[in-house]
Amino acid sequence: MKVESLLIHGGVDGDKSTGAVNVPIYQTSTYKQPKFGVNTGYEYSRTGNPTREALEKLISDLEGGYAGFAFGSGMAATTAVLSLFNSGDKILIPNNLYGGTFRVIDKVFKNFGISYGIVDTSKLDEVRSAVDDNVKAIFIETPTNPLMDITDIEGVAKIAKENNLYTIVDNTFMTPYLQKPISLGADIVIHSATKYLGGHSDVVSGLVVVNSEQLAERLHFIQNSTGGVLAPFDSFLLIRGIKTLAVRMDRHILNAKIVAEFLSTREEIEKIYYPGFVSHPGHGIQGTQAKGFGGMISFVLKDGYDYKKFLESLELITFGESLGGVESLVCHPASMTHAALPYELRQKVGIVDNLIRLSVGIESTDDIIEDIENALEKIKR
Ligand SMILES: Cc1ncc(COP(=O)(O)O)c(C=O)c1O
């Protein structure tokens, strides 16, 4: 089945017993056991719930994995994956990544004896030379949030395999519609499904897909033991959102290209981070490992242009956290999504105060551009 059809019919397609075209919301915490020592396959909804399972099967089908797991947020999903590691283990992470991922590694897992090494994962030589005896996994985001660095997934997975490490990919920006890390050699895929998969800014959720039975058993044990599961209604919302992923994503891609081209004509803008530009260093790899350049753009206003006033002057585009919704969203990484990254690291990699991150929605690009144009006019020097 082609991905556009799998988005709609993958996982558990509807309800066999009634013919309902949608999987019902099994809003239940527990299940009646027919006999002593016998159950229906479900015992308690932290351990298993049919609506959540339908979503878990769907994301596993979409990513081409062995099994999927749904959590109450992207961070709960990442936390479950990091719980696979033990004291003494080290994880390599990119030099720019979602601030919350850095925070949980730096402020929570470090306390349990799990260390990390920061590398520019877009440079395979740097990755290779950072591998030491303690390293057990390479965690990548591609494109990175917020600087849109592209990492060669297949290249990293090869280094990982040579050294017996796990490759973990946060696929939030791309979704399996555009990029399938497991087919490129990754072991574990993580999503903040709050973003493009949900697509409507109405649910906070996270998903994990693993590529083997052994990892599936361990992840299920962690999911059931730590308990950060996704609720049945939220699972339903995600299944519903995923059905339209292909059409939404196609439009996000198209709109982002038009908006990026518009931004490149403006004198107020110093730099644009957008992998769709031929001049982007990761453009070539992105073109081979993904089916499109996505809907995210980051850009830096020239010195002296008031970024706070710019953000406050936008009317159509929502100034707030998050991304990947049908509506355009803009945020200020240095003070919002990436405030947890140390100041020196932020400055070194380019998460400066003038950096703006834009999630281009699926509205008319005429309106999006007009809104940005008006806000730029207001901050003219
Ligand atoms: C790339 C990426 N990964 C993970 C997360 C965390 O997801 P959540 O906010 O659903 O916990 C985010 C949130 O912005 C993100 O952008």
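Brief remarks on what is shown
- Rounded Å value of the spacing that divides the Cα centres of segment 66-86 and segment 94-160: 16
- Peptides 179-192, 233-246, ordered by how many other C-beta atoms sit within 10 Å of their residues on average, highest first, read 179-192, 233-246.
- Carbon and sulfur %, accessible surface of the chain computed with the full protein complex present, 1.4 Å: 52
- Cα-based Lys proximity count in segment 3-243, under 20 Å, for pairs eight or more positions apart or on separate chains: 23
- Principal-axis tilt of helix 153-162 within the chain, Cα atoms, nearest 10 degrees: 50
- A simple charge model with +1 on the Cβ of Lys and Arg, -1 on the Cβ of Asp and Glu and nothing else charged puts the dipole of segment 34-133 at about 400 debye relative to its Cα centre.
- Spin-label pair residue 22-residue 319: with each label point 7 Å from Cα along the Cα-Cβ axis, the two points sit 3.5 nm from one another.
- For the pair residue 267 and residue 283, label points projected 7 Å from Cα toward Cβ lie 2.5 nm apart.
- Rounded to 5, the percent of DSSP beta bridges in segment 3-243 classed as antiparallel: 45
- Accessible area per residue for segment 178-297 is 39 Å², calculated with a 1.4 Å probe on protein heavy atoms, without ligands, DNA or RNA.
- 5 angstrom amide H check on residue 269, placed H, neighbours 5+ away: 302
- A straight chain from residue 370 to residue 47 at 0.36 nm per residue would run longer than the Cα-Cα distance by 111.3 nm.
- Residue-wise HN-Hα coupling along segment 139-147, computed from phi with Karplus coefficients 6.51, -1.76, 1.60 (Hz; x: Gly, Pro): 9, 10, 10, 8, x, 6, 9, x, 8
- Cross-link reach list, lysines versus residue 378, counting only Cα pairs under 23 Å and skipping chain neighbours closer than eight places: 271, 302, 308, 309
- Placing unit charges on each Cβ (+1 for Lys and Arg, -1 for Asp and Glu) gives the chain a dipole about its Cα centre, and among 252, 67, 347 the Cα reaching farthest toward its positive end belongs to 67.
- The chain: most fluctuating residue of 127, 119, 108 per GNM, C-alpha cutoff 10 Å: 108
- On the principal axes of its alpha carbon atoms, segment 3-243 extends 57, 40, 29 Å, with the longest extent given first.
- Remark on residue 193: its backbone amide H falls under 5 Å from those of 74, 205, 206, 207, a criterion applied only to residues 5 or more positions apart or on other chains, H modelled at 1.01 Å from N.
- Per-residue 3J(HN,Hα) values for segment 31-38, derived from phi via the Karplus relation 6.51 cos²θ - 1.76 cosθ + 1.60 with θ = phi - 60°, read 9, 6, 8, x, 8, 4, x, 10 Hz in sequence order (x marks Gly and Pro).
- Cα-centred dipole magnitude for the chain, charges only on beta-carbon of K, R (+1) and D, E (-1), debye, nearest 20: 780
- Largest to smallest principal axis extent of the C-alpha atoms in segment 169-324, angstrom: 54, 34, 29
The values are calculated or read from the model by the stated rules, or taken from the named source; none is laboratory data. Given the structure is predicted, the values throughout are model-derived calculations rather than measurements. Using ideal geometry, Cβ is built from the backbone for each residue, glycine included, and neighbour counts are taken over all protein chains shown. Side chains are part of the model used for accessible areas, which takes the heavy atoms of the whole protein and leaves out ligands, DNA and RNA. Shrake-Rupley method; radii C 1.70, N 1.55, O 1.52, S 1.80 Å.
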